[in-house]
1. At what distance in nm do the modelled label points of residue 387 and residue 211 sit from each other, each positioned 7 Å from its Cα along Cα→Cβ?
2. Round to the nearest 0.05 the FRET efficiency obtained for residue 293 and residue 412 when R0 = 45 Å and r is the Cβ-Cβ distance.
3. Label points 7 Å out from Cα along the Cβ direction at residue 40 and residue 320: separation in nm?
4. Suppose the chain between residue 136 and residue 356 were pulled fully straight at 0.36 nm per residue; how much longer would it get relative to their current alpha carbon spacing?
5. Between residue 218 and residue 25, what is the spin-label point distance in nm, taking each point 7 Å from the Cα along the Cα→C-beta axis?
6. Once the Cα atoms of helix 2-18 and of the chain are each reduced to a long axis, what angle between those two axes, in degrees from 0 to 90 to the nearest 10, is obtained?
7. For the range 57-65, take each phi angle, set θ = phi - 60°, evaluate the Karplus expression 6.51 cos²θ - 1.76 cosθ + 1.60, and give the result in whole Hz per residue in order, putting x for glycine and proline.
8. How long are the three semi-axes of the equivalent ellipsoid of the range 369-453, in whole Å, if each is the root of 5 times an eigenvalue of the C-alpha gyration tensor, listed from largest down?
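No lab work stands behind these numbers, since they all come straight from the coordinates. Computed from a predicted model, the values in this text were never measured in an experiment. Ideal geometry is used to build each Cβ from the backbone, glycine not excepted, and the neighbour counts take in all protein chains shown.
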Amino acid sequence: MKKYFFAMLLLLVVGLLSGQTWIRNYPFADLCPGPSDGASSEVCNVIPAIGGGYLLQGYVQFSWGGIPAYSASVFWKLDENGDIIWRRPGAATGAFDSIVSNGVDRYYCLETSSGLTSLFVFDDEMNYLAHYWFHNINGYNASLFDMQYVNDGLVFAGKIGGQAVVLKTDFQFNVVWQSDPFWAFHEARSIEPYGDGWISLSRRVFTEINAAGDTLWTFIDNVNSSSLFDVTVAIDGSVYILVLDAIGYKIVRVNLINQSFDDVAQISPFHLLRPNQSISGLPNGNLVYLGSEYGGQVLHSYSPDGEHQWSRSYNTLGAIYFGTGSKNLLVMPDGSILFCMYHGNIVLVKTDSNGNVANDDPVVPTAVASIMAYPQPASSKVMISVKSEQVGDLGYGIYSIRGQKVYSGKLTGQAMEQIFELPNEALERMRSGVYLISLNRGNIKIATTKLVVVK
């Protein structure tokens, strides 16, 4: 009996562990309220969701005749297994650059478009609450990219007047303090808490700022013209940066006492798909970063001393771009790692602390599709009703009960629900009997129905 109990316990533990890592692919097609003949999408951020699970955010744009007809941010509330609890369009018409929450009842979403920045506020169910324009409230423009939540406001990294800055506002976007500007090839792209203050970087400059917004020191690499992609604070308080300089890509440790950079590891060459490579620290002290290598690996780990731990590639259904927001890499307290990617598909990957997933095959949600024929039985007129989450490249086929094709046709409309009359040419080929009608996407049958014909 004991052996049986321990065997069942082992199976239960294995089952629980296997459910903790996964690859998921998320649909967006039914978010368009009208007809469309084209769509584009990207994924931006993933953060812990209020009440447990995760919040994934992306952006979609639908077009009709090559002209944008509808665009919106999209939110997926996911459980611990990556399954969708709900999915909703957001209030913005552009992609969000960053998302944070207070962990109780508020999400704060940052959007910068054409140099203008706004802050959207939602409740824990992503119901829209408020919208603030930075320039309307403060009287001048800011382009903000990354942000962090603190108990009495929000701290941002961005750019004002061509100079990188870090600033703090209250929850209505009123500026509390603003750092001295520091030179930037681009805006400040990362802001992380460090001690009682903050550390931030632009593509050329690293800076340390105290809790009141005063600049403590700034490092500018005028020799190698380094590109600084992301900064993180490790579990022991050490600061690391993902860097590209004249030699190549590397991980650098920031020596805050001597105010210098120390090379840790010359990493394997990777090609820049987007300027959103990210680095973070693991609970075991190692580092993990996103960077797509030519060999296909996208997630990598090094020890604090620069020893390569592992690199992993995943079957992400052709997704090749990392999330475009500042929160595209998430490390949880248990060491699990989440990151988002896209390219025609919106994909979220959750691994263990060693970059492994229980099943390397992505779970693709089955698209909702149906086809109905009426009246039943039919004689001289047949109506077909079709529903499909996926539009475009849809057709239908009519088969005898023996599987012989009688007729086939294409659906010309782009709506997700269509009703049309079966052509007379099809009816003329059908004698009394039972037929199968399939709804096809390309060469794949996605739904079927029966039709009884009596003549």
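1. Each label point lies 7 Å from its Cα, and together they span 5.6 nm.
2. According to the calculation, E is roughly 0.55.
3. Label-label distance for residue 40 and residue 320, simple model: 1.6 nm.
4. Gain in length upon complete extension: 74.5 nm.
5. For the pair residue 218/residue 25, the computed spacing is 4.7 nm.
6. The angle comes out near 80 degrees.
7. 10, x, 8, 10, 9, 9, 10, 10, x
8. Details: eigenvalues 82, 36, 24 Å².
Computed over the range 369-453, the values are 20, 13, 11 Å.
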